[in-house]
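Just below is one structure, and these are the notes that go with it.
The values are calculated or read from the model by the stated rules, or taken from the named source; none is laboratory data. If you're wondering where the values come from, they're calculated on a predicted model, not measured in any experiment. Don't worry about glycine lacking a Cβ; one is built from the backbone with ideal geometry, like all the others, and counts go over all protein chains shown. These area figures cover heavy atoms from the full protein model, side chains too; ligands, DNA and RNA do not enter into them. Shrake-Rupley method; radii C 1.70, N 1.55, O 1.52, S 1.80 Å.
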Amino acid sequence: SWWSELTYTMNFIPFDSDKVCMGWTWYLGDDMIFFLLGSAVVPIYHRRKKLGWLLLLCLIGLSMGATAWLIARYHLSPYVFDSHYTQYSYYAYSKPYTRAPAYFVGISTAWFLQILENKGVTRETQPCERRQLLATSAAVAAVAILCLVVFIPATDFGKRKNSWNDFESILLLDVGRVAWAVAWAVITVLCYYGYLPLTNAFLSHPGWTPFVRLTYGAYLLHPLVIKLAAGTSVQYYTFSGMEVCYRFIGNCLMAYASAIGLWCLIERPIMTLTTAGLKPRSIQQKIESSNSGPALESAAGTGESSEPSRGVLPSSP
């Protein structure tokens, strides 16, 4: 199925994710489908905002409904140490129609920010005491939701394994994903408006920039590093604290070193070509702006009409 990786159809061909070449790249296929859907929805929102919101909410509802049906139909659950995880991986885990709501939460967050900006709620607006209290409450609620989503599956493990019913599984595997995305959206918006300065300073620190550029490449390549180390081993593995520590550090270093090569040889050259393709248009816009600026200033200084003369383009509004 190597060709399905190139066409971003790896989550459908083959349908069984265990038979996919480089199956850990499944989200690339999802992300491409989400991008195509978003490219169709955003222009509709630009023309008719209510229709855009309605369409986005319908897509979220359809996705959540399909996920809930799959969980109820095949009795999927978060327990990963028996056939439940196999069935969950086969029917729902990597499929775009079960993962779409979180992506659409990101789109709706951008729309929400635009609405606030249009109403005069900008980053320059100084947080008042009342708003600060509300923002702090929202941040605490968001963190509580994140912790709940992370730790609540523990109640379906150990002595209580497989104790969840279908409704409880739907709450985590379906609603929980949306709640997770909404919680992070709340934190992002609060950081954007300056209500969480310490959190924003930590998350936006320049020290994260290299990891932002390399981490997904390291994720894509780290299974190859692990498999190469295992395939070339001359003895069976032995497990101890020090052995695991050495392997963890070695795998991380090799994965990030490979990611640097990926970024230098593929990502950066493609970025350069893309930038070069967009540059003529931006240069033309700058020329038009520079030509129109002096003409308008001259007209304003002499009292003449500010209408552009023939051959001079007006500046952008």
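The table below lists the values:
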item: Estimated dipole of the chain in Debye, rounded to 20 [Cβ of Lys and Arg +1, of Asp and Glu -1, Cα centre]; result: 200 debye
item: Difference of contour (0.36 nm per residue) and Cα-Cα distance, Lys49 to Thr122; result: 24.2 nm
item: Stretchable slack from Ala276 to Arg130, in nm (0.36 nm times residue separation minus alpha-carbon distance); result: 47.8 nm
item: Tensor-based shape of the stretch 132-290 (alpha-carbon gyration tensor, a/c under 1.5 rounded, otherwise prolate or oblate); result: oblate
item: Most positive-pole-ward Cα, His205, Leu171, Tyr192, against dipole of the stretch 157-213 from beta carbon charges; result: His205
item: Accessible area in the full protein assembly, largest first, 1.4 Å probe, for Tyr91, Tyr219; result: Tyr219, Tyr91
item: Candidates Gln132, Gln114, Gln235: whichever shows maximal mean-square fluctuation once the chain is modelled as a Gaussian network with Cα springs under 10 Å; result: Gln235
item: Tilt relative to the chain, helix 129-151 - C-alpha long axis, 0 to 90 degrees, to 10; result: 30 degrees
item: Structure-based [θ]222 nm, the chain - -39500 (n - 2.57) summed over DSSP H runs of at least 4, per residue, nearest 500; result: -23000 deg cm²/dmol
item: Cα convex hull volume per residue for the stretch 79-208 (Å³); result: 155 Å³
item: Added length on full extension, which subtracts the Cα-Cα distance from 0.36 nm per residue, Thr86 to Thr9; result: 25.7 nm
item: Cα centroid of the stretch 104-120 to Cα centroid of the stretch 1-42, whole Å; result: 28 Å
item: q = 0.07, 0.11 Å⁻¹, the chain: log10 I(q)/I(0) [Debye, one scatterer per Cα]; result: -0.44, -1.03
item: Square roots of 5 times each gyration tensor eigenvalue, C-alpha, the stretch 72-155, largest first, Å; result: 38, 19, 7
item: Average Cα contact separation per residue, the chain, under 8 Å, 6 or more apart, as relative contact order %; result: 14 percent
item: Calculated FRET value between Leu203 and Ile266, using beta carbons and R₀ = 22 Å, to 0.05; result: 0.20
item: Per residue Cα convex hull volume in Å³ - calculated over the stretch 9-98; result: 90 Å³
item: Share of carbon and sulfur in the accessible heavy-atom surface of the stretch 39-125 [1.4 Å probe, %]; result: 64 percent
item: On Cα atoms only, tilt of 26-47 relative to the major axis of the chain in degrees; result: 30 degrees
item: 0 to 90° range, to nearest 10: angle between helix 209-231 axis and the chain longest Cα axis; result: 30 degrees
item: Cross-link pairs Lys50/Lys95; Lys95/Lys159; Lys19/Lys95 - those with Cα-Cα distance over 21 Å; result: Lys50/Lys95; Lys95/Lys159
item: Choice from Gly217, Gly261, Gly194 showing the highest fluctuation, given a GNM over the chain with Cα pairs closer than 10 Å; result: Gly261
item: In Hz, Karplus ³J(HN,Hα) per residue of the stretch 199-204 (6.51, -1.76, 1.60; θ = phi - 60°; x = Gly, Pro); result: 4, 5, 5, 6, 6, 9
